Every structure is written in structure tokens, then in C-alpha cells.
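Where a number appears in this text, it was derived from the coordinates with a stated rule and is not lab data. This structure is a prediction, so every number in the text was calculated from the model and none was measured. So basically every Cβ, Gly included, is an ideal-geometry build from the backbone, and we count neighbours across all protein chains shown.
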Amino acid sequence: DPALKGLVLDLRNIPGGFLDAGVAVSAAFLPENVTVVSTNGQIPSSRSVYKTTPQFWRPVAGQDPVAQFNAKTKGYFKKIPLVVLVNEGSASASEIVAGALQDHKRATLMGSQTFGKGSVQTVRQLGPDTALKITTARYYTPSGRSIQAKGILPDVMLDETAEGNVFAALRTREADLEKHLSNGKEAEKKDPEREKAREEALKKLEEESKKPLAERRLPEFGSEKDFQLQQALNRLKGMPVKASTTLAERKSESKDKD
């Protein structure tokens, strides 16, 4: 559509998917033969680099889906202004896409820090009917950032609503899980304010649950009342954006030992 002046790629609450699909989505917006993601583990077979070339995604009905898309759109989506929306529910493959587009400066990321699921699982066959699934590596963005237990930090942090964050403190991230795999690059620190914020958010949740459905603060994603989407559209239009004044990067947190 020649009238299309910009695009919002909404990856909020996308918990993941196939790695090759994430590479293919990235390739729709990036130049050919650039790195999307790499993996690194203790053994050589766990070390790989995935690029925007057809060998790294599956054909559909015998055809290259990315080549078909680029031919149909005449490569328009490789240069159109792009905003990517992410939140704490964006994990795994969606973090790979977001990290690649951010590192290559192809898109502006807006929203909140992502989940931080940056580990690679491999199935090892032990016998005819037995297999073991183990973690073998971590995912790294093109610039070498580890996604694990940290996630992707947006360029512009956004609250959930115009009034602020209602339930963000209640959302679980990889770093909140017991015995999670560390980031591998950054030391973990205890966040003493985390539990306090969760208690305050629980009180807000109780208050919100008492209201009629139409009065609750969090609207449906994609609707006219979707605050974050409206800020993304404002960014594309060159209009003022209401960035968060309270959100900050969540460092990887250590757990107290028993």
C-alpha cells in the first residue's frame, strides 16, 4: 500500500515460537546476510550464528516465504519506518526479533523490558523410547548481548496506561524464577524494592477487580484505548510521546540463600 507510511510490529505477550520463524520475520525487515542471533555454549555443536539467508528458515510449500514476501512488497518493508512494541510477556523468539531489529538500528523499540528467556534447549536421544531435554547454550543478539535473565530493554519505556503501570510489578520474568540460568555476562543483584512494588500492585489488582469490566484500566491490545499502541503511532507520526517516568531497567536479581 503506497499510503502506508510506517508500521507497528506488536510483540507484546508473544511467548515465543520456532527459532527459524523468528529469523525469517527479522529477515523481512533487515538486509540480506546480516546476523540475527547467535548461540554459545560449552561444546562446539552449541555454537551457531543465524543470518538473514534462506538456509536459516524453512520453505513453505517448497518456496522461500521471505523471498516471496519481498518480491510481493518490492522490498518496501526493509526501509519503512518501524516501531516494535514489547513487554514482560515478550519472550524467546520475540526477543530474538526485537534484539536483532534494535541492534541493527532498524526499529525503535517501545514498551517495557522483556521476559529474558534466552536459553537454548536440546533433546538428546538416550534410547528408542527415551530422551533427555537439557539446556545447552544461551542466545545472543547481533551486538553480543545475552538475552538470558535480562531480556531486551526498549529504546523508549512506556507505562501500561496514561495513568501509569497498574499490574506490571506482578508480571513474572525469567529472573524471578527460582534457580534460573544466569545471564552469563552480568553479575546479579538483589532488588529490595521488588517485593514492595508487588504488594502495591496486588492492592491495585484487588481494587480493579471490583470495578465493572468496562471501567477496568487495561484495554484490549490493538484497540483505540491501547495507550502503548497510541504512543507507537505518535512516534511514527512525529508527534509527542508520553514516555514512562517511573519504569527503569530491571537488573538480573540474585536469590537469597536459605
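Taking the average, over residues, of other Cβ atoms within 10 Å as the packing measure, peptides 96-104, 37-45 rank 96-104, 37-45 from highest down. Taking the DSSP beta bridges with both ends in region 7-237, the antiparallel portion is around 65 percent.
With the convex hull of its Cα atoms as the shape, region 60-132 has an orientation-averaged projected area of 7.9 nm². The sum of -39500 (n - 2.57) across all DSSP H runs of n ≥ 4, divided by the residue count of the chain, sets its helix-only mean residue ellipticity at 222 nm to -6500 deg cm²/dmol. The percentage of C-alpha pairs in region 1-122 whose separation is greater than 19 Å is 49%.
With kT/(6 pi eta Rh) evaluated at 25 °C and eta = 0.890 mPa s, and Rh the Kirkwood radius from Cα pairs, region 7-237 diffuses with a coefficient of 127 µm²/s according to Stokes-Einstein. Beta bridges assigned by DSSP with both partners in region 1-124 are antiparallel in approximately 40 percent of cases.
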